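The values are calculated or read from the model by the stated rules, or taken from the named source; none is laboratory data. What you are looking at is a predicted structure, and each value in this text was computed from that prediction instead of being measured. For neighbour counting, all protein chains shown are included, and Cβ atoms are generated from backbone atoms with ideal geometry for every residue, glycine included.
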Amino acid sequence: MTAVLAPGAKYTRQHQCQMQYGPNATLCPETDNVCQVLWCSVDGSCRSKLDAPIDGTRCGPGKWCISGECVVVGKLPETVNGGWGQWSTWSHCSRTCGAGVQSADRECDKPKPAFGGKYWTGERKRYRM
């Protein structure tokens, strides 16, 4: 069996900054919660796209970032399978008379899948005439 490494084990926070902002980007000093948001210094000012560093990024001795949390290397948060939210209200009818169609949709967000959990199966959108 081949071990699978999280991408952050290969790309440090410094490297991630350089991939986003160019070769002169560096890490911002003294940032809190390094697993929640990647802050990079560009031309002397800190910038962020408000994304977390990629999973596997080191956050301390023997620790890495997984889904925005700093956890012990090798430990993964428990998987969360997704579930359907409420159906939206029906849309306006596509025609003012005869054979019009309405639609309603829902999201897989109660809860959202996380930590390798499965996306819910079934209809995301429904229609009626």
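Data overview
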| item | result |
| --- | --- |
| Among (1) at pLDDT below 85; (2) assigned by the TED database to the domain that holds ARG13; (3) of a type in the set (A, V, I, L, M, F, W, C), the one test that CYS46 misses | (1) |
| For GLY74: the one exception among (1) more than 18 Å from ALA114 (Cα to Cα); (2) free of Cβ contacts under 8 Å to residues at least 12 places away in the same chain | (1) |
| Residue match in the stretch 16-28 (condition: modelled with pLDDT of 90 or more, assigned to a loop (DSSP other than H, G, I, E, B), closer than 28 Å to TRP120 by Cα and touching a strand residue (DSSP E or B) at 6+ places or on another chain (Cβ under 9 Å)) | no |
| Candidates TRP39, TRP90, filtered to the one that is among the aromatic types (Phe, Trp, Tyr) and within 19 Å of the chain's Cα centre (by Cα) | TRP39 |
| Inter-residue pairs, beta-carbon under 6 Å, first in contact (Cβ under 8 Å) with a residue 40 or more places away in the chain and in the stretch 115-129, second assigned to a loop (DSSP other than H, G, I, E, B), 6+ apart | PHE115/SER67; PHE115/PRO77; PHE115/THR79; GLY116/THR79 |
| All positions within the stretch 36-52 that are in a strand (DSSP E or B) and among the hydroxyl-bearing types (Ser, Thr, Tyr) | SER41, SER45 |
| Strands (runs of 3 or more DSSP E) contained entirely in the stretch 63-105, each with at least 3 residues that are surrounded by 15 or more Cβ atoms within 10 Å (Cβ to Cβ) | 63-66, 69-72 |
| For ASP55: the one exception among (1) part of a loop (DSSP other than H, G, I, E, B); (2) over 15 Å from the mean Cα position of the chain (by Cα) | (2) |
| Pair list, Cβ under 8 Å, 6 or more apart: the stretch 38-60 residue within 15 Å of LYS10 (Cβ to Cβ), other residue of a type in the set (Asp, Glu) and not in a loop (DSSP other than H, G, I, E, B) | none |
